[in-house]
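To start, the structure itself, in structure tokens.
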Amino acid sequence: DTAVSQTPKYLVTQMGNDKSIKCEQNLGHDTMYWYKQDSKKFLKIMFSYNNKELIINETVPNRFSPKSPDKAHLNLHINSLELGDSAVYFCASSQGSEETQYFGPGTRLLVL
Amino acid sequence: GNSVTQMEGPVTLSEEAFLTINCTYTATGYPSLFWYVQYPGEGLQLLLKATKADDKGSNKGFEATYRKETTSFHLEKGSVQVSDSAVYFCALTQGGSEKLVFGKGTKLTVNP
């Protein structure tokens, strides 16, 4: 059973389009995250939700909008895609005070 | 703010060589420290962690000791294998539901 899953795995799209990436975890965790990994492999937090509430929002353009319909899902919607949005996006989850975060396989986004 | 500094890569070793990847951190208080590994084309996997000073994390022959006096968490393995080729990330977090702060990653290549 996949603990943290993301769809799609690959996403190729044109500049200016709007796209969504979905994340689901079946670990029963109450906190979920989105991270961005750039072309140099650098990883940085974007958002964090705890029990469907936004708790971390780093300096991310407001074209990026996370949505958490329930504790098990955290989706990422991106409006007006730009070339610089090309990256690998990782979803992760953790449980309360348990600090270990479990990562999904990543979504490789390429904006042309 | 909190930060993690890893040795610059890439690192290339022959099979059965000794591995050290240096990691130092800057944080207030007592962070938890992690090593994550990313195999080619895959997501991040937790390799090991330590949550308090002098703790030693270990897994798959890898070890790292939480040294508060030197603010370090160096990763070591006595005898690397080709299958250890991956990118290794040192990271820290403080408290539950908090973001992971990553180092820039160190790419390891092990040749037969």
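The values are calculated or read from the model by the stated rules, or taken from the named source; none is laboratory data. Remember, it's a predicted structure, so these values are computed and weren't measured experimentally. Note that we place each Cβ from the backbone using ideal geometry, even for glycine, and neighbour counts take in every protein chain shown. In case anyone asks, the SASA skips ligands and DNA or RNA and just uses the protein heavy atoms, side chains included. Shrake-Rupley method; radii C 1.70, N 1.55, O 1.52, S 1.80 Å.
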So, in nm, how far is label B:T5 from label A:Q14 when the simple model puts each one 7 Å beyond its Cα toward the Cβ?
4.7
Work through the residues other than B:F18 whose Cβ is under 11 Å from its Cβ and net out their charges, Lys, Arg +1 and Asp, Glu -1.
-1
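With a probe of 1.4 Å, find how much accessible area chain A has per residue, and write the answer as a whole number in Å².
Working: 5510 Å² over 112 residues.
Per-residue value: 49 Å².
Largest first and in whole Å, give the semi-axes of the protein assembly as shown's equivalent ellipsoid, each being the square root of 5 times a Cα gyration tensor eigenvalue. All intermediate terms of the calculation are to be shown ahead of the outcome.
Values: eigenvalues 173, 87, 47 Å².
Semi-axes (√(5λ), whole Å): 29, 21, 15.
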Residue mean of other protein chain beta carbons inside 10 Å, A:30-37
3
Rg and Dmax of chain A, using alpha carbons, in Å: what are they?
13.2, 41
Per-residue average of other protein chain Cβ atoms inside 10 Å, peptide A:38-47 -> 4
Within segment B:63-84: backbone nitrogen closer than 18 Å to the B:Q94 label point (7 Å, Cα to C-beta):
B:67-73
Whenever you get a sec, compute what percent of the accessible area on segment A:35-108 sits on carbon and sulfur atoms (1.4 Å probe).
50
Listed residue (B:A27, A:H29, A:S68) projecting farthest to the positive dipole end of the protein assembly as shown, Cβ model:
A:S68
About the Cα centre, and with charges only on the beta carbon of Lys, Arg (+1) and Asp, Glu (-1), how big is the dipole of chain A? Nearest 20 debye, please.
360
Where B meets A: accessible area buried, both sides, 1.4 Å probe, Å²:
1800
Probe 1.4 Å, all chains present, heavy atoms only: B:Y39 accessible area in Å², nearest 10, is 40
Once the mean of 1/r over all distinct C-alpha pairs in chain B is inverted, the Kirkwood radius in Å reads 14.0
Per residue of B:99-109, count partner chain C-beta atoms within 10 Å of its C-beta, then hand back the mean as an integer.
4
